[in-house]
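Okay, structure first, notes after.
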Amino acid sequence: MSDGHAFYLGIFIALFVLLMVFGVYIQSVFGAQGENRLPTPPDYQYYYKTIGVKLNEIKPEVCFFEPEDKVVNKRFWKENWFGIGTDALNEWKYNLQQETGVIEGWTWDYKMFLIPEHAGKSTKDLLFRECNIFIVYETLSETGIIGQAASEYKNSFHGYTFITVWTQTTTGGSTTIYLGESFNESKVIKNPGEVVDISKDNIGKILQHEFGHALGLEHQYRTLNGPVSNSIMVGNLDIKKENLNRFVTDNDIQAVILMYGEDGFGGWNNPIRERYIIIP
């Protein structure tokens, strides 16, 4: 073997070893791995589904909109939902920054639009061209859901996610079935129950969960090997409770870092290719 061949072979081996070490380092630090199929049998505790899109701006802008409904508006200001909302989202921010040691890569700005500024306008208005996440508050959902994040990255000048937080729900509902002599004579009467306000703390939890969707996560799921999770990305939230045990967990943070890379929004920003994120 010539000296030239030996030199290039040495470089190849060194690069191979470096990549192997780097890969082991990434997996050991972040503890998450992407898969397009769930391994069976599951020897892991948790996994996430991804939604296929994620934030594509270096420093995203999160836009809050003052509620137009008078009842919701009164609570918005009295209970300081803007402060509660930013605190909830900052939990994502600070945990990502602390885990990676990267500050600028994991940051976003907040902006609030008052009613005279946004009333009658759509998301396509030039006034909102810098908004990557829209946050609105509504009263009672007709479908019974309490939060929703709808992403639009195909037909707009810039990609964005539209988050809706519903601030009321019903309790004590029931369904009564009256059986007649025929099918046409039978009827179902639904009693929606009492309409109650969702607490301000749970409104913050709902927003925190929906923001996880905006980052690219669907929900966290556990296998038979995993204990009950405290992750804010679990797909249900009992709004009758305070939910102090639901928060942004280390696993949530590891999943987000796997999608973006440790440099955050301004670094390695490939499309989400993996359908699942596995937590050993």
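The values are calculated or read from the model by the stated rules, or taken from the named source; none is laboratory data. In this text, all values refer to a predicted model and were calculated from it rather than measured experimentally. All Cβ positions, even for glycine, are placed from backbone atoms using ideal geometry, and neighbour counts span all protein chains on display.
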>> Looking at the stretch 59-88 only, could you name the residues that are part of a loop (DSSP other than H, G, I, E, B) and more than 18 Å from the chain's Cα centre (by Cα)?
In response: GLU66, PRO67, GLU68, ASP69, GLU79, ASN80
>> Among (1) more than 14 Å from ILE277 (Cβ to Cβ); (2) crowded, with 22+ Cβ neighbours inside 10 Å, there is one condition LEU217 misses while meeting the rest; what is its number?
In response: (1)
>> Restricting to the stretch 136-158, name every residue that is in contact (Cβ under 8 Å) with a residue 60 or more places away in the chain and within 21 Å of the chain's Cα centre (by Cα).
In response: VAL136, TYR137, GLU138, ILE146, GLY147, GLN148, ALA149, SER151, TYR153, HIS158
>> Consider the stretch 93-135. How many of its residues are touching a residue at least 24 places away in the same chain (Cβ under 8 Å) and of a type in the set (Lys, Arg)?
In response: 3
> Looking at ASN95, is it among the polar types (S, T, N, Q), at pLDDT 95 or above, in contact with an Asp or Glu (Cβ under 9 Å, 6 or more places away or on another chain) and buried (at least 18 other Cβ atoms within 10 Å of the Cβ)?
Replying inline: yes
> How many residues, within the stretch 132-167, are polar (S, T, N, Q), farther than 20 Å from GLY83 by Cβ, out of contact with any Asp or Glu (no Cβ under 6 Å at 6 or more places or on another chain) and crowded, with 16+ Cβ neighbours inside 10 Å?
Replying inline: 4
> For the stretch 60-89, what are the residues that are of a type outside the set (D, E, K, R), within 16 Å of LEU207 (Cβ to Cβ) and exposed (fewer than 14 other Cβ atoms within 10 Å of the Cβ)?
Replying inline: ASN80, GLY83
>> Restricting to the stretch 189-242, and then to whatever is basic (Lys, Arg) and free of Cβ contacts under 8 Å to residues at least 60 places away in the same chain, can you tell me which residue is nearest to ILE135 (Cα to Cα)?
In response: LYS241
>> Restricting to the stretch 240-253, name every residue that is out of contact with any Leu (no Cβ under 8 Å at 6 or more places or on another chain), crowded, with 19+ Cβ neighbours inside 10 Å and part of a loop (DSSP other than H, G, I, E, B).
In response: VAL248, THR249
>> Just to check your reading of the model, which residue among ILE253, ILE206, ILE239, ILE232 is of a type in the set (A, V, I, L, M, F, W, C) and over 24 Å from TYR137 (Cβ atoms)?
In response: ILE253
> For the stretch 201-236, what are the residues that are charged (D, E, K, R) and in contact with a helix residue (DSSP H, G or I) (Cβ under 8 Å, 6 or more places away or on another chain)?
Replying inline: ASP201, LYS205
